[in-house]
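Q: Below is the structure I would like to discuss, written out as structure tokens.
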Amino acid sequence: MKQQGVEIESEGTQAPQTRVRRDIIVTVSIVLIGCLAVLRDPDRAFEWLAGHKEVQIDEFLTAVVIIGAGFAIFSWRRWTDLSRQVAEYKRLQGELSAVNREASLLSETDDLLQSCLSSEEAYKIIIRHLEIQFPAISGAVFAIGDAADNADLVASWGQPAIKQHFAIRDCWGLRRGRVNISLSSDARLACTHIGHALPVYAMCVPMMAQGETLGVLYLDTGPDQSKGRPFTDTQERTIKTLTEHLALAVANLNLRETLRTQAIRDPLTGLFNRRYMEESLDREFRRALRKESPLAILMVDIDHFKRLNDSHGHEAGDAVLRELAKIFQTQLCAEDIASRYGGEEFVLILPEADLTAATECAERLRAAIQAMQIQHYGQILKGISLSAGLACFPQHGKTVDILMRAADAALYRAKENGRDRVEAA
């Protein structure tokens with residue numbers, strides 16, 4: 001930015017500096033020519049002076065006036081050139097200062113975007129930047145949903161004339177993948193997601209990063225603004241740059257969240273995986289030990305799951321696992337942790353639950369599993385049940401390993417006693 005400003009200043013002052021050098025060269029040349037003429041033939045010069053010693057006073061005054069007029073014209077020309085040079089320098093200095101301020105604010109915004117932990121923080125930072133630079137402009141940020149066919153409002157400021165939800169096909173900017181400008185004076189190409197009160201000037205800037213369209217940044221002037229473009233070319237480039245930085249930050253945050261989810265979630269059921277369960281169990285056990293509160297571990301296994309896979313196929317087994325995960329998510333408390341331990345086995349961690357509360361929770365889950373009906377390719381899968389083994393801290397063990405072994409032994413005892421039942425350690 002600074003180099004660009006210095007370049008502009010050099011180009012603006014080049015013409016006046018050239019004229020000054022040219023006039024100095026002409027003046028020095030005339031003086032040198034006169035001196036050379038006198039030095040070459042001094043006798044002739046003295047004779048010319050002697051022959052004109054009788055010049056009348058009016059002729060002398062005329063010569064003085066001509067010479068004075070010449071000097072006046074020369075001085076006026078120099079003054080106008082210097083005035084233009086000073087005015088151009090001040091203008092370029094002002095532009096350079098504005099570019100430096102804009103570059104400093106853009107650098108600060110970019111640093112903040114790199115430090116964001118969520119997309120919501122990134123949206124707030126962009127809004128702050130736009131409000132500082134364009135206080136009279138309203139706007140909104142829209143993110144494309146999971147279905148990839150709708151855009152939803154995630155942040156806004158001012159009073160933008162736009163709907164809160166719209167289809168991607170309603171925005172020319174998203175459809176074309178480039179900036180689209182709508183004017184009230186020519187509403188034929190206006191985006192249909194804009195409200196009925198069409199603003200004088202509206203801009204849709206798609207948010208694109210890593211080959212993916214993430215949303216759109218919308219700006220408008222409102223219906224009461226004077227006609228014309230509210231942004232210069234430089235400001236429009238700044239808005240595009242901001243949108244690119246925002247899209248890149250959101251893409252990185254989404255990628256980070258995806259990797260985090262893949263690291264702790266089971267891809268089939270959406271429950272936590274075994275690694276996360278072990279870390280959570282260790283953390284909850286230390287908390288229970290510190291607070292002297294109970295902790296329950298429930299190990300669950302689907303009865304005759306291999307027979308189900310052999311009779312209806314693995315897709316039916318996957319459907320049962322997904323439905324079971326939904327029951328866990330709806331029946332358990334928010335602080336409870338449900339995880340897929342492996343295959344058709346699950347481990348549920350129930351913080352601050354004693355033996356009575358944990359048994360009631362297990363029986364409630366068992367009844368919900370018995371009542372569920374899964375339709376798979378026109379067939380209803382019935383007769384699904386589960387067996388569960390229960391172990392509680394502190395009565396069934398004083399360490400995590402002992403509790404897990406106790407819950408596992410209780411699960412095997414439930415299977416040996418006829419399945420479809422809950423056994424405590």
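Q: Closer than 25 Å to residue 367 by Cα, in a helix (DSSP H, G or I) and either in contact with a strand residue (DSSP E or B) (Cβ under 9 Å, 6 or more places away or on another chain) or not acidic (Asp, Glu) (or both): does that describe residue 307?
A: yes
Q: Give 218, 276 a once-over and let me know the one that is in a helix (DSSP H, G or I), surrounded by 14 or more Cβ atoms within 10 Å (Cβ to Cβ) and aromatic (Phe, Trp, Tyr).
A: None of the other options fit; the residue is 276.
Q: Before we move on, is residue 327 among the β-branched types (Val, Ile, Thr), buried (at least 17 other Cβ atoms within 10 Å of the Cβ) and closer than 28 Å to residue 402 by Cβ?
A: no
Q: Can you find a residue in segment 367-386 that is surrounded by fewer than 22 Cβ atoms within 10 Å (Cβ to Cβ), of a type in the set (S, T, N, Q) and either touching a Phe, Trp or Tyr at 6+ places or on another chain (Cβ under 7 Å) or at pLDDT 90 or above (or both)?
A: Scanning segment 367-386 turns up no residue that is surrounded by fewer than 22 Cβ atoms within 10 Å (Cβ to Cβ), of a type in the set (S, T, N, Q) and either touching a Phe, Trp or Tyr at 6+ places or on another chain (Cβ under 7 Å) or at pLDDT 90 or above (or both).
Q: Of the residues that make up segment 137-145, is at least one touching a helix residue (DSSP H, G or I) at 6+ places or on another chain (Cβ under 7 Å), assigned by TED's automatic domain parsing to the domain that holds residue 232 and of a type in the set (Phe, Trp, Tyr)?
A: Within segment 137-145, not a single residue is touching a helix residue (DSSP H, G or I) at 6+ places or on another chain (Cβ under 7 Å), assigned by TED's automatic domain parsing to the domain that holds residue 232 and of a type in the set (Phe, Trp, Tyr).
Q: While we're on this one: What number of residues within segment 100-120 satisfy the criterion of being touching a Leu at 6+ places or on another chain (Cβ under 8 Å) and surrounded by 12 or more Cβ atoms within 10 Å (Cβ to Cβ)?
A: Total meeting the criteria: 6.
Q: Of the residues that make up segment 403-421, is at least one outside any strand (DSSP E or B), within 46 Å of the chain's Cα centre (by Cα) and not charged (D, E, K, R)?
A: There is at least one residue in segment 403-421 that is outside any strand (DSSP E or B), within 46 Å of the chain's Cα centre (by Cα) and not charged (D, E, K, R).
Q: Continuing with the same structure: So in segment 176-203, with the set limited to residues that are touching a helix residue (DSSP H, G or I) at 6+ places or on another chain (Cβ under 8 Å) and surrounded by fewer than 14 Cβ atoms within 10 Å (Cβ to Cβ), which one is modelled with the lowest pLDDT?
A: 189
Q: Only one residue in 96, 130, 113, 92 is aliphatic (A, V, I, L, M) and out of contact with any Gly (no Cβ under 8 Å at 6 or more places or on another chain), so which one is that?
A: On inspection, the qualifying residue turns out to be 113.
Q: Would you tally the residues in segment 152-167 being small (Gly, Ala, Ser) and under 15 Å from the mean Cα position of the chain (by Cα)?
A: Looking only at that region, the number is 2.
Q: Which members of segment 131-157 meet the condition of being in contact (Cβ under 8 Å) with a residue 24 or more places away in the chain and outside any strand (DSSP E or B)?
A: 131, 132, 133, 134, 136, 137
Q: Moving on. How about segment 356-365: which of its residues are surrounded by 18 or more Cβ atoms within 10 Å (Cβ to Cβ) and within 46 Å of the chain's Cα centre (by Cα)?
A: Passing the criteria: 358, 361, 362, 365.
Q: Still on this structure, I have one more. Please verify whether residue 268 is outside any strand (DSSP E or B) and either modelled with pLDDT of 80 or more or of a type outside the set (Ser, Thr, Tyr) (or both), treating the condition exactly as stated.
A: yes
Q: Is there a residue in segment 341-355 that is surrounded by fewer than 18 Cβ atoms within 10 Å (Cβ to Cβ) and in a helix (DSSP H, G or I)?
A: There is at least one residue in segment 341-355 that is surrounded by fewer than 18 Cβ atoms within 10 Å (Cβ to Cβ) and in a helix (DSSP H, G or I).
Q: If you check 315, 323, 352, which single one turns out to be modelled with pLDDT of 90 or more and acidic (Asp, Glu)?
A: Just one listed residue meets the conditions, 352.
Q: Can I ask one more? Provide a single number: the residues in segment 238-256 that are at pLDDT below 85 and surrounded by fewer than 18 Cβ atoms within 10 Å (Cβ to Cβ).
A: So the count comes out to 0.
The values are calculated or read from the model by the stated rules, or taken from the named source; none is laboratory data. Quantities reported herein were computed from a predicted structural model and do not represent experimental measurements. Neighbour counts run over all protein chains shown; Cβ positions are idealised from the backbone, glycine included.
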